[in-house]
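Notes follow the structure.
No lab work stands behind these numbers, since they all come straight from the coordinates. Owing to the predicted nature of the structure, the values given are computational and were not obtained by experimental measurement. Cβ atoms come from the backbone with ideal geometry, glycine included; neighbour counts cover every protein chain shown.
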Amino acid sequence: MSDLPKKTFVVTRFDPDQDEAPRTERYEVPCHPDWKVLDALNYIKDEIDGTLSHRWSCRMAVCGSCGMQVNGEPSLTCKQPVSELPDTVEVAPLANFPVIRDLVVELEGFLEKLKQVKPWIIRAKEKAVEEGTHSQSPAEHAEFKQFSMCINCMLCYAACPVVANEPEFLGPAAIALGHRYSTDSRDEGAAERNEIFRGEGTVFSCSYANECSEVCPKHVDPAAAVNQAKFNAVIDWATGLVLPRGGRE
Amino acid sequence: MSVVETLQHDVLIVGGGAAGLRAAIAAVEADPEASVALVSKVYPMRSHTVSAEGGAAAVARDDDTLEMHGFDTVKGSDFLGDQDVIQYFVEQAPRELTRLEHWGCPWSRNEDGTVATRAFGGMTTKRTWYAADKVGFHMLHSLFQHSLRFDRIVRYDEQFVTRLLVDEGQVRGVAALDVREGVVRCIRGRSVVLCTGGGGKIFPFTTNGNIKTGDGMALAYRIGVPLKDMEFVQYHPTGLPGTGILITEATRGEGGHVKNVDGERFLVTRDYGVGSKAELGPRDMISRAIVQEIEAGRGVDGAYGEHAHLDLTHLGEEKIDSRLPMVRELCKIYAGVDPVYEPIPIRPVVHYMMGGVDVDIEGATLVSGLFAAGETACVSLNGANRLGSNSLTECLVFGARSGEAAVAFARGSNDGAAQRIDEQAAAEQARIDALRGRKRGGEKLATLRNEMQGAMERGCGVYREAASMQQTCREIAELQARFAEVSLEDTSRVFNTEVVAALELANMLDVAETVANAAARRNESRGAHTRRDATARDDVNFLHHSLCYRDDAGPRLETKPVTLGRWEPEERKY
Amino acid sequence: MARPAHPEAMAPAKPGRTRTAPPHRPPKFPMQGRYRAYTLFDATGAVYLLMGFGVLHAVRTLGDGEVAWQALLSGWAAPLYVAFHLLALVSVLFVGVRFFRLFPKAQPPRIGPAKPPPGPVILGMLYAVWIGVTALFVGILSGGIFG
């Protein structure tokens, strides 16, 4: 361990019982060439400072727990190689979120937004199990597949300049997941979600930064979802003026 | 003694993965009045179900029958699976996967719109439903998002259950540490379902995430419920060296080849018991084959020791991108290899625990009101070796069954003496307050954990023998004693992950104790438990489940008969 | 440390039971990294606002007669105004190109039964219309059409 090159990690610390505001601490960490930032954080916790709190689990970029700001960029720390970073690495909690402790942020706000978009299959009549599965072609599946890849890591929320300003904005992941269901051929709830998309958390708050898609580790492209949702919301509103609600599918 | 906040529900589900979410949904659907609490130490979408890759099995095609699925599972279990359980499982499997499809799970499809299936290890035909190679992710998110519809499922996220509260021989609730606030709450319930997953983190090299610390198993163990068949630990043949990240069996299902340093497909050219199934043999056999190849000097050298190769280069980029996209990404990020052009370095890695909390077919334990489902439980569906893609379906089938059983039990039950229950929770608050940041004998948490993992790898690896198993039993017992002297640094109340890690280590030591002791007692080789000093399967003396009971004098081992059925044990050759 | 975000950004409806540190903005916002292009993109709104006032002023001047109109036009030939109009041209091109790039992925997978055309076709159509309309306006304003 001692002959491995060292990097300096400048980590944000915050204990609400002790600290007025977040502060930073510096740690010298000997870094294995294969390490990701998460490995360095775990080394700090295990060997240097057991008081560091951070969330992590799968270490394979699928559970979404370990999102943090690394040198100013929202990053999945289990995926970000240390070798690609300079000798000083700043690790901070995700931007745009209230901070509970050290690198741990408040997620309840996101879960509320997620629930608002009704992220489930809405059907007038539920199919019975005995009737078997719905038929869905590979082409139909492809229409929403990309948007179903969201691991709820919140990097998109941390990158979005609108989230920083507008607390009501539903945000990239929630809109992408709502849109995922609206475009699923088995769902019949698009009209309901379009109303939600035009409501308080309106999708029209999005001002085309595209940062969400730039930082998404799963290539969900939430910017595409948000802008498709805008399109759908407008078409839905316009046809709603012309046709009575019952007249639509 | 301080007073703790008390909450009341009918059914408590501990753990928010596939089994826990399915149990919660089953409970509220079975009883429109029931109040169901889902208590998880992490937000449900972080549960380790999310990392499962390959698929979930259920009979779907015309050339398949329930009987075939049943027999494959029985044989795969090396005849230790309970056949009544397996019968029920194969019947319910298609219903559960269909139900999940109705709830939005994006199964991959055939051109005609039906759900696609792929081949998997030990399965005689294609019956593994899949969602590209991220089936666990899609199942978990579909279940979680569907569960959001139910206001009667009350979630307690980032609440770590540290103790089951028992009164008059019945479970009456749980004491849960609110990780964020640092307070313990008494969550009362008339029944409790443990769905906390397995305990792979007792080993150093595992596919499992950080949270897989056997919490539910330890909770049950401590109130007198035996853990069954703990010696059977599944080594998945193909994990990435170093990180242990899972490379799904689906790579072999789609035609991948396993090779040694000479480029030889040794599963075909040499006799490792898999016959014509070759790479699609059962996991225990393939893991043993790889270990033997390495021991024979035909392993590939690597930075993390010797390994074998998994070759997908002949599949072509298009097939890999459509059926195995996550595998490609994982290999590039975590192994520096593009499987379209190069073979993947792989070696056997701890993946799953066939053993767990002893339950019956309804998920009920011997303690009234306590149930378990999923990897936490041992029903036993998987016997001595699990077939790939059976466990995700298991979570759904037995999650549903236990959820229904738990809510029916709650309906017919009563509450128990409130004060005695609350006192137990208050005692937990005191215990954890004392543990937080305490300075004792100077034992370091990480050191104890590393030593435990080292001991488990030496004694309970793919190949085992009496001396090293006994040694591991002793080492674990020593570590239990040393744990009492652990010193912690973090005195904070808010989001103290060090005290959580300490509590998890205590759970892991209990689980490790049962694995090592049960392994030392089984003088035969069966399924995933392979001994160099007892190489044959012994149906005369060991066709039984092992039961490990907690005892201050050391774990007490007993046995339980296997429920046979239409299939008599035979030689397990493929 | 980065600047504060809105104090309620990503806050839950009911505050959590422990004190939290307030959210901070993305550190590179507004003028570092990719945010710079985004901030400039949004900032071009100021240019359009001024252009809008200019157009209103021009329309009002029309009502004041031929002499006033000619005075306005020759005033606009001054270097400062030319520079402003160049800036406006660059802004419109910048916004147009950035906006058009977004169009293909902003099409929903289908609208009723119809699928939208593929990305390059959409881009081609957008630029064709843009160039066509520009040519038309140049023709009209220069007197080439309706001369």
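Between segment A:214-233 and segment B:82-125, how many Å separate their Cα centres? So the two Cα centres are separated by 31 Å. Segment C:61-126 and segment A:65-83 have Cα centres lying 39 Å from one another.
Counting only Cα atoms, chain C measures 72, 44, 28 Å along its principal axes, largest extent leading. Normalised by residue count, segment B:17-141 yields a Cα convex hull volume of 130 Å³ per residue. The alpha-carbon of B:Lys573 sits under 28 angstrom from the alpha-carbons of these lysines, leaving out residues fewer than 8 places away in its chain: B:Lys75, B:Lys126, B:Lys228, B:Lys259, B:Lys277, B:Lys560. With neighbour counts taken as other beta-carbon atoms within 10 Å, the residues C:Tyr48, B:Tyr88, B:Tyr221 rank, fewest first, as C:Tyr48, B:Tyr88, B:Tyr221.
Here the alpha carbons of segment B:308-397 define both size measures, Rg and Dmax, at 18.5, 56 Å. Taking only the Cα atoms of segment A:99-141, the ratio Rg/Rh comes out at 1.26, with Rh defined as the Kirkwood radius. Just how far, in whole angstrom, is segment B:321-372 from segment A:138-167 if you go by their alpha carbon centroids? Result: 26 Å between the Cα centres. Would you work out if chain A is rounded, prolate or oblate? Take a ≥ b ≥ c from the square roots of the eigenvalues of the alpha-carbon gyration tensor; rounded if a/c is under 1.5, else prolate when a/b is larger than b/c, oblate otherwise. In terms of gyration-tensor shape, prolate.
If the Kirkwood radius is taken over C-alpha pairs of chain B, then at 4 °C and 1.567 mPa s the Stokes-Einstein diffusion coefficient equals 55 µm²/s.
Shape summary of the protein assembly as shown, radius of gyration then Dmax from alpha carbon positions: 30.1, 115 Å.
The shape of segment A:134-249 comes out oblate: with a ≥ b ≥ c from the C-alpha gyration tensor, a/c is at least 1.5 while a/b does not beat b/c. Counting neighbouring beta carbons within 10 Å and listing from fewest to most, the residues C:Thr61, B:Thr49 come out as C:Thr61, B:Thr49. Based on the reciprocal of the average 1/r between different C-alpha atoms, the Kirkwood radius for segment B:120-255 equals 18.2 Å. Residues B:Ser402, B:Ser525, ranked from the fewest to the most other C-beta atoms within 10 Å, line up as B:Ser525, B:Ser402. Pairwise inverse Cα distances across segment B:71-179, averaged and inverted, put the Kirkwood hydrodynamic radius at 17.5 Å.
In degrees from 0 to 90, rounded to the nearest 10, what is the angle of the helix B:283-295 Cα long axis to the longest principal axis of chain B? For helix B:283-295, the angle is close to 70 degrees. Pairwise alpha-carbon distances in segment A:194-249 exceed 14 Å for 59% of all pairs. What percentages, rounded to whole numbers, describe P(r) for segment B:141-185 computed over all alpha carbon pairs with 5 Å bin width beginning at zero? Calculated P(r), rounded to whole percents: 5, 19, 17, 16, 19, 17, 5, 1. With only the Cα atoms considered, segment A:23-114 has a convex hull volume of 106 Å³ per residue. Taken over the C-alpha atoms, segment B:184-320 has Rg and Dmax values of 19.1, 61 angstrom.
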